[in-house]
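In what follows, a structure is listed as C-alpha cells, so that the remarks can point back to it.
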Amino acid sequence: MNDNFKNFKSGFIQGAKETPRGFFAPLMVLFRWMDRVTDEVINDTENKCSTAPAQPDRDLSSLPSDAAHRYQAASSAITRAKQALEDARRAAFEMMETEDPRLATLAIHVLGSRDNAICWFLAEPLQAFRGSTAWEVVSQGRAEAVITYLESISSGFVG
C-alpha cells in the first residue's frame with residue numbers, strides 16, 4: 001500500500017509540473033488574444049466595423065506541439081472569419097447598388113467612405129425606423145424611405 005501511495009504522489013507531482021506548460025499554454029494564448037482584441041475594440045471608437053490588422057507569424061517553438069497546432073488552427077479560423085466578413089460587406093454593398101444605385105452613392109456621400117456606408121447599412125439601428133437597420137428596411141422593400149432619410153441627413157437635418 002505504501003508503494004502505491006509513493007507512485008501516486010510522484011505521478012501527481014510530475015503531472016502538476018507538466019500541466020501548466022501543456023494545458024494552460026493554449027489558454028494563456030487565448031486570454032492574451034482576447035485581451036488584445038478587447039483593447040482594440042475599446043480604442044476603436046471611430047469605426048464600428050474595422051478589422052484588426054494582420055498579425056505577423058509568431059514564434060511558436062516555445063509552446064508544446066498541440067498548443068502550437070491549436071494556435072495555428074485558431075489563427076486560420078480568424079483569417080477565414082475576416083474573409084467571410086469582407087465577403088458579406090461586398091455583398092451588402094452590391095445589394096445597396098442593385099436595389100437603387102442612388103442608395104449606395106448617397107450613403108457614401110453622407111458617411112464619407114464605402115466602409116462607413118457598409119457598416120452603417122448593416123449595423124446601425126435607426127430611430128426613424130424603430131431601431132431597424134437600413135439593411136432591414138431595404139429588405140422590406142422600402143429602399144426609397146432609406147434614400148429619403150439619407151437625403152434629409154445630407155441636407156442638414158438629423159435623422
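The values are calculated or read from the model by the stated rules, or taken from the named source; none is laboratory data. Given the structure is predicted, the values throughout are model-derived calculations rather than measurements. Counting neighbours? That spans all protein chains shown, and the Cβs are built from the backbone with ideal geometry, glycine included.
Of the conditions (1) crowded, with 17+ Cβ neighbours inside 10 Å; (2) at pLDDT 80 or above, T79 fails just one. Which one is it?
Result: T79 fails condition (1) only.
A quick yes/no check of all residues on (1) in contact with a helix residue (DSSP H, G or I) (Cβ under 6 Å, 6 or more places away or on another chain); (2) farther than 23 Å from E86 by Cβ; (3) modelled with pLDDT of 90 or more:
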position	(1), (2), (3)
F129	yes, yes, yes
A134	yes, no, no
V138	yes, no, no
A143	yes, yes, no
F157	no, yes, no
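Within region 114-136, track down each residue that is among the basic types (K, R) and under 22 Å from the mean Cα position of the chain (by Cα).
The one that is among the basic types (K, R) and under 22 Å from the mean Cα position of the chain (by Cα): R114.
Considering region 105-124 alone, what residues qualify as being under 19 Å from A88 (Cβ atoms) and either aliphatic (A, V, I, L, M) or modelled with pLDDT of 90 or more (or both)?
Listed by number, the residues that qualify are A107, I108, L111, A117, I118, L122, A123.
Within region 111-135, can you find the residues that are within 15 Å of M96 (Cα to Cα), surrounded by 16 or more Cβ atoms within 10 Å (Cβ to Cβ) and touching a Phe, Trp or Tyr at 6+ places or on another chain (Cβ under 9 Å)?
L111, A117, I118, F121, L122, T133, A134, W135
Please go through region 107-127 and give me each residue that is farther than 22 Å from D87 by Cα and hydrophobic (A, V, I, L, M, F, W, C), ordered by number.
Across region 107-127, the qualifying residues are V110, L126.
Being assigned to a loop (DSSP other than H, G, I, E, B) and modelled with pLDDT under 60 is the requirement here; does A25 meet it?
no
Being farther than 30 Å from T148 by Cβ, of a type in the set (D, E), loosely packed, with under 11 Cβ neighbours inside 10 Å and modelled with pLDDT under 60, is that true of even one residue in region 54-64?
Checking region 54-64: at least one residue is farther than 30 Å from T148 by Cβ, of a type in the set (D, E), loosely packed, with under 11 Cβ neighbours inside 10 Å and modelled with pLDDT under 60.
Can you find a residue that is in contact with a Gly (Cβ under 6 Å, 6 or more places away or on another chain), assigned to a loop (DSSP other than H, G, I, E, B), surrounded by 13 or more Cβ atoms within 10 Å (Cβ to Cβ) and not hydrophobic (A, V, I, L, M, F, W, C) anywhere in region 141-151?
Looking through region 141-151, none of the residues is in contact with a Gly (Cβ under 6 Å, 6 or more places away or on another chain), assigned to a loop (DSSP other than H, G, I, E, B), surrounded by 13 or more Cβ atoms within 10 Å (Cβ to Cβ) and not hydrophobic (A, V, I, L, M, F, W, C).
Check off (1) among the basic types (K, R); (2) at pLDDT below 70; (3) assigned to a helix (DSSP H, G or I) for K48 and give me the number that stays unchecked.
(3)
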